[in-house]
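Student: My questions all concern the structure below.
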Amino acid sequence: MNSCDIFSDVIDNGLLHLYLTVAETSRFTPRAKRNEILVRYLKPMMKDKQYQVAKSELRSLIGLGRNASCDLEAKLIELRNLSLRYDKNATDAQRLFNLLTIIESGLGFRSRFLNSPSDTQREPNVIYMLQEHVENGFIESGEQVAPVSLFLESDHVTKLVDLINDTGLFLAEMQQHNTDAKKGHIVLHPKKRGA
């Protein structure tokens with residue numbers, strides 16, 4: 001999970017925590033009390049290693065929540081809307097970059113370009129993509145118009161396919177898989193938006 005996803009989860013979970021806490025009482029909860037609830041929820045995350053990549057953002061949110069004139073709930077809603085708008089407007093090319101980042105952080109596989117499929121200079125646990133496929137697979141607006149091939153030499157080829165499909169960014173299809181040679185050819189198809 002990258003830092004944007006982690007921060008987005010912090011925002012969503014913070015708002016859920018606030019609304020569930022406020023729902024426990026039948027009384028009106030003023031802005032200062034709402035800020036206090038959010039600060040108490042966010043503060044332990046500063047020490048949690050899972051949220052280490054979002055530490056500076058957490059620190060900023062806690063600082064805003066301690067400011068009497070700030071409405072932290074409104075700020076979280078605004079940030080959530082920005083995040084949703086970015087996700088909606090992200091191009092397929094941006095999604096490919098995000099996917100490669102997720103793969104590197106999740107499975108430790110770096111990615112590189114190949115000039116041709118016959119290139120034999122390949123390292124294990126490195127994802128190779130044909131530069132021509134990437135250049136011709138996306139139009140200028142960033143929309144994917146052709147499948148993109150990924151080549152991997154690893155014991156974890158099927159884990160990679162599962163990870164890609166779990167992200168929901170693309171549909172991954174195992175084109176070829178040689179379990180003896182530990183090699184796989186995966187094809188990325190654009191995912192229908194809104195599906």
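FYI, it's all coordinate maths here, none of it is from the lab. None of these values were measured; they are calculated from a predicted model. Please note: Cβ atoms are built from the backbone with ideal geometry, for glycine as well, and neighbour counts cover all protein chains shown.
Student: Rounded if a/c is under 1.5, else prolate if a/b beats b/c, else oblate: with a ≥ b ≥ c from the C-alpha gyration tensor eigenvalues square-rooted, which is the chain?
Tutor: prolate
Student: Give the lysines whose C-alpha is closer than 17 Å to that of Lys33, dropping any in the same chain fewer than 8 places away, or say none.
Tutor: Lys43, Lys75
Student: Same structure, new question: Please give every one of the lysines within straight-line cross-link reach of Lys47, meaning a C-alpha to C-alpha distance under 18 Å, and leave out same-chain neighbours fewer than 8 residues apart.
Tutor: Lys55
Student: How much length would be gained if the chain were fully extended between Leu171 and Val145, taking 0.36 nm per residue of separation minus their Cα-Cα distance, in nm to one decimal?
Tutor: The span from Leu171 to Val145 would gain 8.0 nm if fully extended.
Student: What is the extension gain from Ile77 to Gln131, computed as 0.36 nm multiplied by their sequence separation minus the C-alpha to C-alpha distance, in nm to one decimal?
Tutor: Working: separation 54, 0.36 × 54 = 19.44 nm, distance 4.00 nm.
Working it through step by step, the gained length comes to 15.4 nm.
Student: In vacuo Debye scattering of region 1-56, one point per C-alpha: log10 I(q)/I(0) at q = 0.18, 0.23, 0.27, 0.30 Å⁻¹?
Tutor: -0.63, -0.89, -1.08, -1.21
Student: For the chain, what is the percent of antiparallel DSSP beta bridges, rounded to the nearest 5?
Tutor: Of those bridges, close to 75 percent are antiparallel.
Student: Spin-label point model (7 Å from Cα, Cβ direction): what's the Cys4 to Thr29 distance in nm?
Tutor: Taking the two extended label points, one gets 3.0 nm.
Student: Which FRET efficiency, nearest 0.05, do Leu100 and His17 yield, Cβ-Cβ r, R0 35 Å?
Tutor: 0.60
Student: Report, by chain and number, residues whose modeled amide H sits under 5 Å from the one on Val126, excluding near sequence neighbours (fewer than 5 apart, same chain).
Tutor: Glu153
Student: Let's test the formula: R0 of 35 Å, r as the Cβ-Cβ distance of Ala68 and Asp48. What FRET efficiency results, to the nearest 0.05?
Tutor: 0.85
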